[in-house]
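The values are calculated or read from the model by the stated rules, or taken from the named source; none is laboratory data. Keep in mind that what you see is a predicted model, and the values were worked out from it rather than measured. Here the Cβ positions follow ideal geometry from the backbone for every residue, glycine too, while neighbour counts run over all protein chains shown. In case anyone asks, the SASA skips ligands and DNA or RNA and just uses the protein heavy atoms, side chains included. Shrake-Rupley method; radii C 1.70, N 1.55, O 1.52, S 1.80 Å.
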Amino acid sequence: MKQRLGKAIGNRRLMLRLFMNFMAVIVLFVGFSLASLWMFKKSVHEEIVKYNYANLNVTTRSFEQYFQTLTSVLMDLQLNNEAFRKFTESTKLDYVMAAKLIETFNATTNNAQLYLQDLILYDKELSFALDKVRGSGAEAMFSKHHINVEHSPGYWLEQLEQPFAIKLHPVTSFAESHADKGTDVFPFMVKNRWSSEYFILALIDTDRLIGQLHQSINKNLYILDEQGNALLAYDSNPSGQLPSLDFERNWIKSGDNYYFYKKGSATGLTYVNVVPDTSVSQPVERLIILLVVLLVLATAIGIIASIYFSVRYSNPVRKIVETIRKETAHSHDGRGNEFELIQRNISRMMQVNRDALQDLEEKSDQLRYYSFMNNLKRIRDNLPYVHGDEEVGRPYRFVLFELKFRQGFQEELHKDASYYIREYIHQAIRTTDMETLIFQIEGDQILAVVYGNEPEEKVMEPLQPICSVLAEDRTYCFFTIAVGSLFEQADEMKDAYREVQQLSRHRPFDDETRIVGPGGEPDMPFLPYGSIEQEIDVNLHEGNDAHVIQSLKRLTVQMAKKYSRAHFHEFAKEVTAKVFRKLHAQHLDTVCVSGLPEVIGHIHTVEELHDYFDTLLSEAGRLIRLKKEEHDPIVYFVSDYMEEHFKEEISLEGVAEKLNITGGYLSTYFKEKTGINFVDYVNEFRVKKAMDMLLKADLRIQDIAQEAGYLSLSSFNRAFKKFSGVTPSEYRRNNLNAGATDSA
């Protein structure tokens, strides 16, 4: 009997241990929850108080801005309205100005943002008053049309003698007849600081004003003047007299209410919001009751679940322990705590499994590495892809790391740096969860094949730390990390490789280490080249390389926000080709600039491109100017004559007559010497002069056309478009916008 009882207790010992562990967790959970509820109750109360005070801050700010805006509107009416000025300055009643003022008052009161019911102007000298619909004597205005039971008409007239410029009166009621109840309004009076001959009385609709500007859980609001007198007492449940406010705090609790108060910085008015205690405490109490009920339910469910899982898991665990002890009966591993016994044996099995898997992975990686190396070589040789069984149906994407050395470090660091960088990338990627193969396919290109169908963002995330580390070497080099799209078929490797190469080419034109992904290549067409091509033609022909350089710099600064490295290199090649064509057309030796096109591939920033254009165009301008210095008397005469008479009508026959030669001979000779016919030279010269004048925004295009020697605006537009590629207005707009961008 004793042995049977001991065995039964031993069989249940594991279950009791599990149950006690569960109960310990439940007790800790209950204790933590109760402490959290106490802190939560206090915190929620504070947050509700802060919320109500924040609402009052919004109300105060809204009212202060409103009173400032209304003051500005009424002051502007006095100072800048011509009808108002003439009406108040006249010694006789001016009915025309009165009618205009009534229209102005009507338009002002119709402004929904001012919440006005009416505007009243009283002129003491004329003893006349105006509102938004009529004009009448002052006595009649306040006794027949705007009747106030609290203040006689004389009260409003006496306000002219009071020493104030702006005054907000307590809320009162105005009616249009003695039988009418009237509506509550805020009388807001504005007088002239230097004259007491008139005043403006704005009647503010109280209900609309509070409904729009008061932010609170209720509409209770008091507005007090600087002496503490109530100007507005809007309280749905009147609570009697307001308690004394302590302005060292922003709220007090008195009786069953919370009083939140805030003083306006502009008007000096004090705004008080009354919130019943039930609005603050009841939500907290209901929430606490709900949380306590949930806690009790959670505790009960936890106890029931503990009993269930203790019974459920104790039986299989006990069987596992018995099996292990039988297998390890000859060693010390079968002794000790059950969980420790299971842990030791599972750890041993997992270690054996890891060793076997690691060995298989190393051998598999070697096979895949050699297979991919073979196929990458076939891609570069444009040979068909060779399938491997292990790659069929496995999605993958390419990640290309392209290294660019700065000028001066290419020869010094290329060999060693590429090796160390490849090793770093290899080790860094191996520490991530990505399954990859890494290859050095060029001296400056490292290719990683990433397996799996993870989204692009998931692949880029572990690349960010690698990008940050590589960016530390920006003094010597920078990188482009191109992340390709996901491919399903192994025979699409050629497309995958071509894609990452394109992404690398279309990276932003700068020297920052960057990660670019699919969709990074701009879809926009390249910037039209026609306008700058014409400008190079016009200015290089005159040897004015400085103007071309400045135009190119402005253009490249605008391009930097839109276009990629490939576009900039294409642009540099086009400019270079145009300059060389210009030099060849003038039979100039280009040996001194023949090596410059090879530099384009090593230009990575806008600043380096500016230096390249400086070198290219300065040398081209120098060569052209040297040739121009070879004095030709006929060409020199034509050029000098154009400089003095370009505003006048110029003809080939007229210039030839001054040279005592025929027009045909002059045309042939001039074309042979300059490479351009006489008519085009005249138009080109005038367009160049017009370009300079167009940079002055105060000159009209029609006047510029006449100054440049054109008799009609249409002929000027045609000639300008022919030699510049754009219309005069487009040229002015582009250059003025570029100047504004440079200034910014």
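Values as computed for the structure displayed
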item	result
Highest average packing first - 647-659, 196-208, Cβ atoms within 10 Å	196-208, 647-659
Per residue solvent-accessible surface (Å²) - the range 600-674, probe of 1.4 Å	58 Å²
Segment Lys458-Arg498, length gained on full extension (0.36 nm per residue, minus Cα span)	12.2 nm
Compactness relative to 2.2 N^0.38 Å, alpha carbon Rg of the range 626-735	1.14
Estimated inter-spin distance, Asn192 and Lys573, nm [label 7 Å along Cα→Cβ]	7.8 nm
Portion, in percent, of the accessible area of the range 109-247 that falls on carbon or sulfur, probe 1.4 Å	46 percent
Shape call, the range 437-490: gyration tensor on alpha carbons, a/c limit 1.5	oblate
Length released on extending from Tyr308 to Val469, taking residue separation times 0.36 nm less the Cα-Cα span	52.7 nm
Prolate/oblate/rounded label for the range 35-185 (Cα gyration tensor, a/c 1.5)	prolate
Compactness relative to 2.2 N^0.38 Å, alpha carbon Rg of the range 169-219	1.47
Nitroxide proxy distance, nm - points 7 Å out along Cα→Cβ at Asn229 and Glu435	8.6 nm
Leu357/Gln427 FRET efficiency (R0 22 Å; Cβ-Cβ; nearest 0.05)	0.60
Where Rh is the Kirkwood radius over Cα pairs, Rg/Rh for the range 660-699	1.22
Rule-of-thumb Rg ratio for the range 71-157 [Cα; 2.2 N^0.38 Å; N residues]	1.07
FRET efficiency, 1/(1 + (r/R0)^6) with R0 45 Å, evaluated for Lys263 and Arg700 via beta carbons	0.20
Extension gain from Gln241 to Phe646, taking 0.36 nm per residue of separation minus the Cα-Cα distance	136.8 nm
